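Structure, as structure tokens:
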């Protein structure tokens with residue numbers, strides 16, 4: 001593989017920032033929505049080029065390696081499809097006057113800033129830079145969650161702001177502690193925060209400091225992952241913001257925070273005397289699964305329902321990575337990818353449903369398969385997928401998580417399976433009410449593109465039936481890196 | 001043998017913990033803001049001292065940010081917001097002051113025990129700074145959870161953040177400190193603008209966060 005004549009990392013970061021600056025000044029919302037799609041597409045192309053050309057050498061600030069390339073590729077792909085969905089969603093919001101053109105300029109600019117922040121967090125080779133990027137991503141999503149300026153939206157934004165800030169603050173304390181641990185070994189200055197330097201020397205770090213740092217980092221970034229008991233911001237933020245943002249939050253931002261946790265987990269695993277970080281993640285993951293599963297039954301709001309489902313699935317993923325080992329890590333990676341695709345597809349469907357019915361209340365939406373067959377059945381397929389039924393992809397990844405748990409820690413498998421079954425029941429119960437029965441509400445046709453939704457669901461279906469061998473080999477390699 | 005500079009830095013870091021305790025028992029908004037201004041002032045002095053001891057001129061920038069923005073601008077702006085919005089001047093606390101103080105003492109004891117044990121090999125100054133910083137962070141969290149009032153929560157968060165700046169400047173030669181303190185300043189400025197722009201009072205008639213909970217979409 002030959003290297004590219006220019007720095008791809010820089011291109012991945014410059015496109016969204018330039019687009020954000022441009023979008024903030026353009027008045028025409030049809031054009032800005034298209035430009036938003038174009039910018040996301042160009043970023044995706046830049047990221048995909050990483051697979052075909054030699055990767056740039058890691059510097060003091062940026063790094064592309066086998067682990068984060070999975071996250072970046074997934075991130076920019078879902079970012080791109082969501083921007084397509086967003087274009088049709090936004091047109092409708094303008095028509096019914098929930099958003100003004102000025103709001104939209106702001107919205108599109110923020111969308112690109114968010115893509116920038118997430119890409120930066122993923123390719124940062126510097127734990128300080130990663131922290132700044134995650135903070136930036138938090139800020140932009142707070143602003144977007146509050147964009148409707150209703151009571152509920154402001155409350156959700158405020159809650160997210162306060163809890164997110166506390167999480168971010170704890171993560172910074174953890175980052176400072178990692179620096180303190182590195183100080184005697186690596187020496188003062190920037191090197192003591194560079195990831196590739198840290199992982200090389202971590203065996204000589206003070207294990208006690210590292211342990212304490214990891215607790216702070218897990219709590220801090222764990223808040224952003226939405227792990228119970230730090231999840232309180234997540235359902236409100238998902239329910240009250242624009243639906244494309246719900247899709248990006250669930251599908252992408254939670255993964256970015258999880259990536260940060262995984263990086264530090266790797267650091268601890270490389271120090272022979274530090275605690276094994278797995279059990280901590282395992283406990284938080286399991287708590288999230290069981291807690292969210294029971295909470296699913298009491299939801300009256302359709303977006304809150306799927307937000308709790310996101311907590312459950314992030315719990316499963318954290319559980320899998322906490323378990324560790326080649327099989328569980330493989331399952332975790334696969335589950336993360338498929339969850340991102342499925343959950344964003346569900347949010348696309350939910351966005352169309354909420355727009356056409358004019359409500360998010362589950363009780364007021366019935367008989368979708370009768371009034372809107374394509375939309376209704378897509379929602380059914382999405383929910384069946386997220387509930388973990390075969391032949392869709394999530395069945396396979398959940399099966400791998402459960403079977404690897406049975407093989408290694410049979411006792412832990414019992415609460416895990418219980419959580420999965422309870423969530424399964426809740427989701428099917430709710431979707432049967434939504435999709436079947438006597439139709440209610442508006443039957444007006446949906447003026448929107450279903451392409452992103454179908455594309456995601458098709459990918460999830462294909463993944464459940466047939467995984468291409470190169471993909472399997474690649475995931476196995478990354479799982480081995482994760483240890 | 002401890003030098004004067006060491007003792008002075010130590011005094012300031014300890015002073016920050018004391019001022020954090022003072023934040024805990026304020027039950028009037030104006031008084032709370034004044035104490036917070038003092039908190040930020042002590043932090044600015046402490047950071048300037050660290051800049052002098054470590055001979056790191058860039059830390060003076062952080063000190064200046066703390067002094068100008070957090071000790072002067074933000075308290076003044078918050079004062080005016082309180083006046084303009086006519087927010088109730090008394091702060092409702094969730095638990096009594098006595099119990100809050102006891103909890104605060106327990107948190108400080110906890111952070112001393114944890115940090116001093118863990119950082120046995122680090123330099124004495126950095127190590128004690130870190131222990132004090134953790135105390136300030138935990139006390140800030142306590143202020144946040146014991147206030148129902150949005151302004152009270154913001155002050156709690158800002159004091160927590162002061163603790164983080166103390167920790168970051170205490171870690172010798174830590175890069176990106178200035179950048180991080182700038183990032184935090186943007187965050188805080190946004191929160192303050194948020195209180196004003198979102199006009200929580202106009203929407204909710206109160207800045208009592210509990211009142212916001214009533215608007216949750218979950219209730220039938």
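Data for the structure
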item: Averaged over A:184-190, number of beta-carbon atoms from partner chains that fall within 10 Å; result: 3
item: Highest-first arrangement of B:20-29, B:37-46, B:90-99, where packing means the average Cβ count within 10 Å; result: B:37-46, B:20-29, B:90-99
item: Anisotropy class of segment B:140-195 from Cα gyration tensor, a/c 1.5 cut; result: oblate
item: Helix B:124-146 vs. chain B, principal-axis angle (Cα, 0 to 90°, nearest 10); result: 10 degrees
item: Cβ crowding within 10 Å averaged over residues, with A:85-96, A:111-122 ranked highest first; result: A:111-122, A:85-96
item: Amide N proximity, segment A:342-358 versus residue A:95 label position 7 Å along Cα-to-Cβ, cut-off under 17 Å; result: A:349-358
item: Angle between chain A longest axis and helix A:469-482 axis [Cα atoms, degrees, rounded to 10]; result: 50 degrees
item: Between segment A:335-397 and segment A:76-144, the alpha-carbon center distance in angstrom; result: 23 Å
item: Between helix A:29-52 and chain A: long-axis angle, C-alpha atoms, 0 to 90°, nearest 10; result: 40 degrees
item: Radius, Kirkwood style, for segment A:128-174 when every pair of distinct Cα atoms is counted (Å); result: 11.0 Å
item: Residue B:80/residue A:152 FRET efficiency (R0 30 Å; Cβ-Cβ; nearest 0.05); result: 0.60
item: Neighbouring partner chain Cβ atoms per residue of A:160-169, average, 10 Å criterion; result: 5
item: For the protein assembly as shown, alpha-carbon Rg over 2.2 N^0.38 Å; result: 0.94
item: Average beta-carbon neighbours from other chains, 10 Å sphere, peptide B:179-186; result: 4
item: Ratio of Rg to Rh over segment B:4-213 (Cα coordinates, Kirkwood Rh, two decimals); result: 0.98
item: Cα-based equivalent ellipsoid, segment A:279-483: semi-axes from gyration tensor eigenvalues, Å; result: 31, 19, 12
item: Zone of residue A:24's modelled label, taken as backbone nitrogen in segment A:88-116 under 20 Å from a point 7 Å along Cα→Cβ; result: A:100-116
item: Over segment A:202-298: Kirkwood hydrodynamic radius from C-alpha pairwise inverse distances, Å; result: 14.5 Å
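Read-outs: derived from the displayed coordinates by stated rules, not from any lab. This one's a predicted model, so the numbers in the text were calculated from it and none came from an experiment. Reconstructed Cβ throughout: ideal geometry from the backbone, glycine too, with neighbour counts over all protein chains shown.
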